[in-house]
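Asker: Attaching a single structure in structure tokens format; questions to follow.
The values are calculated or read from the model by the stated rules, or taken from the named source; none is laboratory data. Computed from a predicted structure; not experimentally measured. Neighbour counts are summed over all protein chains in view; Cβ atoms, including those assigned to glycine, are modelled from backbone coordinates with ideal geometry. SASA here: full protein model, heavy atoms, side chains in, ligands and nucleic acids out. Shrake-Rupley method; radii C 1.70, N 1.55, O 1.52, S 1.80 Å.
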Amino acid sequence: MNIRSYHKHYHLMLIPGVILLIIFHVVPMFGIAIAFQDFRIGRGITGSEWIGLENFQYLFQIHDSWTILYNTVYISVWKIAAHLVIPLVFAVLLNEVRIMAVKRWIQTVVYLPHFLSWVILAGVLIDMLSLTGIVNTFLKGMGVKPIMFLTSNSWFPAIIVGSDIWKEFGFAAIVYLAALAGINPALYEAAEMDGAGRIKQLWYITLPSLLPTTVLLATLSIGNILNAGFDQIFNMYNPVVYQSADIIDTYVYRVGLVQAQYGFAAAVGLLKSAIGFILIVISYRIAYKYAHYRIF
Amino acid sequence: MGYRKKAAVLLAATAVLVTACSAKDSAGPKESASASTGPSEKVDPFRLPNPVELTTFKSVTPGAKLPEGDTAESNQYSRYIKDKANITVKLLWYASGQDYSQKLNLAVASNDLPDVMVVDEGTFLNLADAGQLEDLTKVFEKYASPLTKELYASTNNKALEKATYKGKLMAIPNISVQADAMSFLWVRKDWLDKLGLQPPKTVDDVTAIAKAFVERDPDGNGKADTIGLTGYDKSFDNGGKASFHNFKGLFEAYNAYPTNWVKDSSGQVGYGSIQPETKQALGKLRDLYTSGLLDKEFAIRKDGNQTVVGGKAGLFFGPWWATGVIADTFTNDPKADLMPYLIQDSKGQKNNLMVPVSNKFIVVKKGVKNPEAAVVYANNFIAAQRKVDPDALKLDFTIDGTYWPIGYATYDYADAVERKSDMLKKAMSGQMKPEELTPEMKDMFDKAMRDKANPRKDVKDWKGYWGYTVPAELLKTNYNKVYSEYTAVTKTMERKWANLQKLETETFFKIVMGEQPLDSFDKFVSDWKAQGGDEITKEVREEISKASSK
């Protein structure tokens, strides 16, 4: 087959996606302009006054900016690390389960929380972690003093990361399970012939085969480093833990939507996007250089 | 290879676009169309000659029920307005609570305005400033009904002043009922009696009662599971209106008015949250919290009512109309008996931060063909709400008021609760014949009579009148009226308020919950001043002196 026409096919298939992209993502980009404006409700982009970088300058003046940036990166890095490792370990372990029915059952059970929204899960978690909740009742039985988990700045980030993993690891494991299913069985057979045991097979066949997938996921997730999970934190936090839980998105929400400071919120959002963009370019380079992995 | 590169660029572009903020594009101010009302002199304030259709959006109480077949757009209230006023209101969208304010903010920001809507003071001033509102001066003069005018007169014209921008009436303001400002301490009277305690008068009494409620097992179930004073995650939000489970009543007992601009001891207007009185009150709350007398989990509670209704708490601050919560409580536990008390300051005086005379404004978009429709609507709405229109009595007022075609707000005499309770008292004691009562009061009187014959048998009857007896009587005692001197937004506030507010709530919660020493309040004050507070205070004082010289 002619290679050129082969490519044309693919390009044609891109069209619907590109159109949607333009409508929903390129056109609204012009709204970024308000990051450089003293945006006034009602006057609109054309009517508001241009103030240059004042919004950005103010952002760096605020003492809280650094706390918020730190919280975002801190929570996000823990989430990314855990999201890479835990589903991988889980998928490998699940792969070793030889009874199909048990495997499916486990998979279904760990999937479930993925389909519940944070509005619901946060309610459940707040109940569980309250002073009279199941966790503190258990601790009390062990003779430990009850802990106010959700108003403790030392506990809160751990709870955020932990509960996010609990919600998502089952679903995230799907990708790894698919990769595992794609490994050529002949490799295992050959290894067995050569006398490799279960562990050696895992080490020399399974893990290397999963490496490209892992690198791909890691690369993609770095672009999201400034998304620490708005839904979750917004539903679980309170003013006492602002210090450890307030992230860029919750901050933008409070400042931008609640206080109607659209220009400032847009500036914060734009900065966030710019950093995300730089990070994804860098990580893509790194992935190519060290793992010889390219998405394209 | 070329195709690979392109695709890589596309992917990168996608990534940045996905993370990019999306802000709504917005068109400039719309051209204004002429809106002359014509020279015709005699007009009917309650009915327009030709049918008029208006668009709006509105905030609806979450979970409010409607009869089968009715919708938020088409229900008894919209049919009533159609019948009476010849006005059909098309609902563009509706939402509840915070969702509503978000959607409204977005709509306003993207210039996606309906013909009429109800907004708060900040939004009203913004829209007026942007020249997007229709001038209602003339149509109001011409169309406002006598009752409407009388109600505004009861505010000494303060309400209309609030809605006036650069000399023109740019909105129809609501009229808040001043009784809504009073924060009562509601106490489980049955628990008090059981433990042999006296009703509270001072903050010390509150502490003693909270201690007894926590330690002496008032519900008699043998478990230490009762809460002292309640709170919730917005307990420090302290507007003019009393709300459930906030600390307004307690702050007032220290002459403290956090989150409001009030006159300080020197007579200057200053921000309440940074005054020494506020520190004192926070110190008290902190003592209550650390000794376990204030709900340990108030910071994570979205709703404090559950603790009261569930019979776990018997002490909360709330408004005079707490009858809904009380009814739910005694439905669960027939012995439950909640009574209101006023907490005095150290001089034996009750202070009360009053509500702004108006806080909701019906605004009309510039260029709307029939701006008089808004006034005619208001006339009808007020006549129905005050039940002076006999036809309005056919409406089922248990259906949530937010289903009225245009957003919901109170329009009543500023002292409506006192007036009504007087009338009810006279009727009940036989000084006034039931026939002399207004339709609204006759209805209430009947409810009271039915409830007297069968106490608390029908919750609806009880809820319908009881608020006008015991709590309303307390409103007639002498108290110190404190007014918020400034309720709008200054230039610097727009920019810096969010951060100052964060600083404030964070500090208050941490002080009360014992995470920071009480003296960190002083650092908060200096931080607050340095981070824009001083600037804002200056602006607020300027605006006030400007307004007074107007």
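Asker: Rounded, prolate or oblate, given the Cα gyration tensor of segment B:374-528, with a/c below 1.5 counting as rounded?
Answerer: prolate
Asker: Next question. Okay, helix-only estimate at 222 nm for chain B: each DSSP H run of n ≥ 4 adds -39500 (n - 2.57), divide by all residues, round to 500 deg cm²/dmol; what do you get?
Answerer: Values: 21 runs with 226 residues, N = 550.
Taking each H run of at least 4 residues, the total per residue is -12500 deg cm²/dmol.
Asker: Pulled fully out, how much extra length does the chain show between A:A274 and A:R294, if you take 0.36 nm times their separation in residues and subtract their Cα-Cα distance?
Answerer: Once the chain is fully extended between A:A274 and A:R294, it gains 5.0 nm.
Asker: DSSP loop trypsin sites (Lys or Arg not before Pro) in segment A:242-296 with at most 14 other Cβ atoms within 10 Å of their Cβ, which ones? Don't jump to the answer; show the numbers that get you there.
Answerer: Details: sites: A:R254, A:K272, A:R285, A:K289, A:R294; in loops: A:R294.
Those satisfying the criteria are A:R294.
Asker: Per residue of A:272-283, what is the mean number of Cβ atoms on other protein chains within 10 angstrom of that residue's Cβ?
Answerer: Average per residue, whole number: 3.
Asker: Could you tell me which of the pairs B:K103/B:K158; A:K103/B:K296; B:K201/B:K263; A:K167/A:K272; B:K84/B:K162; B:K194/B:K502 are separated by over 32 angstrom between their Cα atoms in the structure shown?
Answerer: Pairs exceeding the cut-off: A:K103/B:K296; B:K194/B:K502.
Asker: Also, I was wondering about something else. Below 13 angstrom from the Cβ of B:D461, what's the summed charge of the other residues (Lys, Arg +1; Asp, Glu -1)?
Answerer: Net local charge, B:D461 excluded: +3.
Asker: Hey, another quick one. To the nearest 0.05, what FRET efficiency results for B:A153 and A:E49 with a Förster distance of 45 Å applied to their C-beta separation?
Answerer: The value I calculate is 0.65.
Asker: Residue by residue through segment B:156-167, which ³J(HN,Hα) values in whole Hz follow from phi under the Karplus form 6.51 cos²θ - 1.76 cosθ + 1.60 (θ = phi - 60°), with glycine and proline marked x?
Answerer: Rounded to whole hertz, the list is 6, 6, 5, 5, 5, 4, 4, 8, 9, 10, 6, x.
Asker: Taking both sides together, what accessible area is buried at the B/A interface, probe 1.4 Å, expressed in Å² and rounded to the nearest 100?
Answerer: Summing both sides, the interface buries roughly 5200 Å².
Asker: Give the separation of the Cα centroids, segment B:181-219 to segment B:58-88, in Å.
Answerer: The two parts, judged by their Cα centres, are 43 Å apart.
Asker: Any chance you could check the Cα centroid distance between segment B:465-515 and segment B:433-451 for me, in angstrom?
Answerer: 35 Å
Asker: Now, a different point. Can you figure out the FRET efficiency of A:A181 with A:L116, using R₀ = 25 Å and their beta-carbon distance, to the nearest 0.05? Intermediate values should be presented prior to the final figure.
Answerer: Values: r = 27 Å, r/R0 = 1.07.
E between A:A181 and A:L116, to the nearest 0.05, is 0.40.
Asker: I want to check the label-to-label distance for A:V258 and A:H63. Put each point 7 Å from Cα in the C-beta direction and report it in nm to one decimal.
Answerer: 1.9 nm
Asker: Let me ask another. Could you run the Karplus curve 6.51 cos²θ - 1.76 cosθ + 1.60 with θ = phi - 60° over segment B:439-448 and give me ³J(HN,Hα) per residue in whole Hz, x for Gly and Pro?
Answerer: x, 4, 6, 4, 4, 5, 4, 4, 4, 4
Asker: Here is a follow-up. Of the candidates A:M100, A:M13, A:M142, which one comes out as most mobile in a Gaussian network treatment of chain A with C-alpha springs shorter than 10 Å?
Answerer: Fluctuation is largest for A:M13.
Asker: Which cross-chain or sequence-distant (5 or more) residues have an amide H under 5 Å from the amide H of B:K360, H modelled 1.01 Å from N in plane?
Answerer: Counting only residues 5 or more places away or on other chains, the set is B:N174.
Asker: Along segment B:324-340, what does the Karplus equation 6.51 cos²θ - 1.76 cosθ + 1.60 (θ = phi - 60°) give for ³J(HN,Hα), rounded to whole Hz, x for Gly and Pro?
Answerer: x, 5, 5, 4, 4, 5, 7, 5, 6, 9, x, 6, 4, 9, 9, 10, x
Asker: Can you grab the distance from the C-alpha centre of segment B:391-419 to the C-alpha centre of segment A:18-62, Å, no decimals?
Answerer: Value for the Cα centre distance between the two parts: 41 Å.
Asker: So, taking all protein chains as they sit and a 1.4 Å probe, how much accessible area belongs to A:H114, in Å² rounded to tens?
Answerer: 50 Å²
Asker: Tell me, what is the FRET efficiency for A:I99 and A:R198 to the nearest 0.05, using R0 = 22 angstrom and their Cβ-Cβ distance as r?
Answerer: Once the sixth-power term is evaluated, E becomes 0.85.
Asker: Moving on. What residues does segment A:217-249 have that are buried by at least 50 Å² of accessible area in the full protein assembly compared to the chain on its own, 1.4 angstrom probe?
Answerer: Those are A:P239, A:V240, A:Y242, which lose 50 Å² or more relative to the chain on its own.
Asker: Enumerate the amide H contacts of B:A313 below 5 Å, restricted to partners 5 or more residues apart or on another chain; note that Pro and chain-start residues carry no placed amide H.
Answerer: B:I227, B:V308
Asker: Still on this structure: With a ≥ b ≥ c taken as the square roots of the eigenvalues of the C-alpha gyration tensor of chain B, please select rounded if a/c is under 1.5 and otherwise prolate if a/b is larger than b/c or oblate if it is not?
Answerer: Details: a/c = 1.58, a/b = 1.13, b/c = 1.40.
Note, shape of chain B comes out oblate.
Asker: In addition: Long-range amide H contacts for B:V89: which residues qualify at under 5 Å (H placed 1.01 Å from N, peptide plane, sequence gap of 5 or more or a different chain)?
Answerer: B:L54
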